[in-house]
Amino acid sequence: MTSTALDNWTAVRRFSMADQISFARLSGDRNPIHLDELAARRTEAGNVAVHGIHLVLWALEALAPVIDHASLAAIDCDFSSFVRPSEDVTLAVRRRRDSKLRLEASVGGHRNMVLTLTFGPAGPSAVIDDLPDIAIDDEPLSPSFDDMATFAGWLRPSFTNTDVEAAFPLLCRALGAQRIAAIALLSSLVGMICPGLHSIFSGLSIKLLERMDGKPGIGVRTKSVDQRFRLVRMTVAGSGIAGELSAFERFPPVDTSLARVRSLVTQGEFATRTALIVGGSRGLGAATAKLIAAGGGRVVLTYFRGAPEAEQIRAELIGAFGEPTCRAMQMDAARPELSDIDRVKDEITHLYYFATPPIARRGNRLFDRGIFDEFMEIYVKGFLDLVELLTADKKQSALTVFYPSSIFVDHRSKNMTEYAMAKAAAEVLLKDLAAARPGLAVMAPRLPRILTDQTASVPPVPTEDAVETLLPLLRAQETAG
Amino acid sequence: MTRTEIREKITELLSDILDDEDLVLEDSTLASNVDGWDSVNHIKLIVAIEAEYGIRFDTEEATAPENVGALVNLIAKKIASPE
């Protein structure tokens, strides 16, 4: 390892969507979490995430001028959080000791990856023999845990060494394109095959071997699965690398099936309601739309970015309950006056307000004014503006409001300060609003942690069922008027 | 094995996971008080503890301890009467 050149060494990169597409093409990892903004929104990442292996290979390429790749013996990597395109990710040397170099990739001081490089003699050759070839399809697989437990096969790259050399020229010159291609394939292994669609790459530990002979690609065999934590460990060997990697299978996007909702709701119990459901394209909003429609009510659901999801729910509800049941409209909850709210406001009897920015945030600061303002813009200002719009010049000023507050106002985990503060502020507003407007009936329960796209974490954290939590609350609502 | 020894071992394992050589854990320490001790790193810690002591937690046990002291107590109980 080069010594003095590493002092205070850093590299910074901002990945673009073009980079995402390029690496997906190169590695074969076309998991939607890396490419599809809408699909990624319904995962723990909350947004498109940079391929973890892309981070590793970028780091190794960036280090080429200051380290001797030829003496690199092992790569250990721990992915701790997602990097999003358009974020500046900084790679810095954290520690040098004996034959080890430890680096950290971070965004805004928040760690995303720890990369440990070990220098020394290469290990002996190793392959996993006699494995059936595995094809990497265009769509990621979603195998069961039983299938994952017995998974074994040989992944062949669908790309050429020239492609890899173009993307990582210095690295390929030092370590060989076939070896770098095999490392890139690990992204496909996790993202497309095992665990596939709902995977999150946790970490890898690979040795670089002295020889890089044999067929291109890499052999893989599952070492263990741990269903408690939805964790899969695999051994890999071939093309000059050998080692282990681990990946989680996250919960799939929350699906409150209409069949289940119908089995719980009494026919006609919400027949008098015409509900405006803000943020109705997913999560609790979508569940509420289904509950009310199943109970004979009519719903107008709003979405901000999730037009396809909103249309899917609208089509499902119309298919089940008929044309008048559901309409969908675009609305920026921070600027409801810019929407078509005027066209429906006279019909609305109930308002359900599920609009939210991403709740989980990262960073080490106790309080971030920008994040707080973002919550306040939607939870307080946008909500009040919408109530004003719904009740102003309305033939009948009665409105029943359901506003989900949160138990996090009292008990919260780290990094929830701004969220809880904004919810607390909304509670104060709702109380005063109800006192000032006799026509309003307000319910603002502090909801527990409910399984939604935003809370479906890895590993499982205790959560409540959306339908079972919401239904009694909807039934208990007092109607305004 | 004493409670102090178990807590020191937890500190060592978590220190390695979090890459934090200065980590100090007290019985009263909450995961939310430690930078980087998120749900994924908690699972890594639990898996490392299981390998270290040859014990096994069920899902509820793994996520239930409210602080380091409760986790130490749980490990001590498991070591004393392995299932």
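Average partner chain C-beta neighbours within 10 Å, per residue of B:36-49?
Partner Cβ neighbours, averaged per residue: 5.
Summing +1 for each Lys or Arg and -1 for each Asp or Glu, what net charge is found among the other residues whose Cβ lies under 14 Å from the Cβ of A:L170?
Once all neighbours under 14 Å are counted, the net charge is -1.
Quote the relative contact order of chain A in percent (integer), defining contacts as alpha-carbon pairs under 8 Å separated by 6+ residues.
12
DSSP beta bridges in the protein assembly as shown, what fraction antiparallel, as a percent rounded to 5?
Around 70 percent antiparallel, to the nearest 5.
Taking only the Cα atoms of the protein assembly as shown, how large is their convex hull per residue, in Å³?
Residue-normalised Cα hull volume stands at 167 Å³.
Starting from the amide H of A:R84, placed 1.01 Å from N in the peptide plane, find each other amide H under 5 Å away whose residue is 5 or more places distant or on another chain.
Amide H neighbours of A:R84, under 5 Å, 5+ apart: A:V50.
Over all directions, the average projected area of the alpha-carbon convex hull for the stretch A:4-249 comes to how many nm²?
12.4
With every atom except the alpha carbons ignored, what do you get for Rg and Dmax of the stretch A:70-176, in angstroms?
17.8, 46
So how far, in whole Å, is the C-alpha centre of the stretch A:204-275 from the one of the stretch A:34-111?
The stretch A:204-275 and the stretch A:34-111 have Cα centres spaced 21 Å from each other.
If you line up the Cα atoms of the stretch A:252-410 on their principal axes, what length do they span on each, largest first, in Å?
49, 44, 30
Output ³J(HN,Hα) for the stretch A:132-147: one whole-Hz value per residue in order, computed from phi by the Karplus curve 6.51 cos²θ - 1.76 cosθ + 1.60 with θ = phi - 60°, and x for Gly and Pro.
For the stretch A:132-147, the Karplus curve yields x, 5, 10, 8, 9, 7, 6, 9, x, 7, 9, x, 6, 5, 4, 5 Hz.
For the stretch A:283-351 and the stretch A:398-441, what is the separation of their Cα centres, given in Å?
Here the two parts' Cα centres lie 22 Å apart.
With charges set only on the Cβ (+1 for Lys and Arg, -1 for Asp and Glu), what does the dipole of the stretch B:3-80 come to about its Cα centre, in debye to the nearest 20? Intermediate values should be presented prior to the final figure.
Values: 7 positive and 18 negative charges, 91 e Å.
Rounded to the nearest 20 debye, it is 440 debye.
Note down, for the stretch A:198-253, the three equivalent ellipsoid semi-axes (square root of 5 times each alpha carbon gyration tensor eigenvalue), biggest first, whole angstrom.
Over the Cα atoms of the stretch A:198-253, the ellipsoid semi-axes are 26, 10, 9 Å.
What translational diffusion coefficient, in µm²/s and rounded to a whole number, does the Stokes-Einstein relation yield for the stretch A:278-352 at 37 °C and a viscosity of 0.692 mPa s, taking the hydrodynamic radius as the Kirkwood radius over Cα pairs?
Roughly 269 µm²/s, to the nearest whole number.
Quote the Stokes-Einstein diffusion coefficient, in whole µm² s⁻¹, for the stretch A:2-41, based on the Kirkwood radius over alpha carbon pairs, a temperature of 20 °C and a viscosity of 1.002 mPa s.
My calculation gives 173 µm²/s for D.
By counting other Cβ atoms within 10 Å of each Cβ, how are A:I33, A:I371 ranked from fewest to most?
Numbers: A:I33 25, A:I371 20.
Ranking A:I33, A:I371 by Cβ neighbours within 10 Å, fewest first, gives A:I371, A:I33.
Could you give the C-alpha radius of gyration of the stretch A:54-99 expressed as a fraction of 2.2 N^0.38 Å, taking N as the number of residues it contains?
Rg over 2.2 N^0.38 Å, computed on Cα atoms: 1.29.
Starting from the Cα gyration tensor of chain B, multiply each eigenvalue by 5, take the square root, and state the resulting semi-axes largest first in whole Å.
Output for chain B: semi-axes of 19, 14, 12 Å.
Any chance you could list P(r) for the stretch A:137-238, counting all Cα-Cα pairs in 5 angstrom bins from zero, rounded to whole %?
For the stretch A:137-238, the pair-distance distribution reads 2, 12, 23, 23, 18, 12, 7, 3, 0.
Equivalent-ellipsoid semi-axes (√(5λ), Cα gyration tensor) for the stretch A:276-317, whole Å, largest first?
One finds semi-axes of 15, 10, 8 Å for the stretch A:276-317.
Mind checking the log10 I(q)/I(0) for the stretch A:1-134 at q = 0.22 Å⁻¹? Debye, one equal scatterer per Cα, no solvent, two decimals.
-1.27
Of A:K381/A:K431; A:K223/B:K78; A:K290/A:K423; A:K100/A:K215; A:K100/A:K223; A:K423/B:K44, which sit over 22 Å apart, Cα to Cα?
A:K223/B:K78; A:K290/A:K423; A:K100/A:K215; A:K100/A:K223; A:K423/B:K44
Read the figures in this text as sums done on the coordinates, not as results from a lab. All of these numbers come straight from a predicted model, not from anything done at the bench. Heads up, the Cβs are rebuilt from the backbone with ideal geometry, glycines too, and the neighbour counts pull from every protein chain shown.
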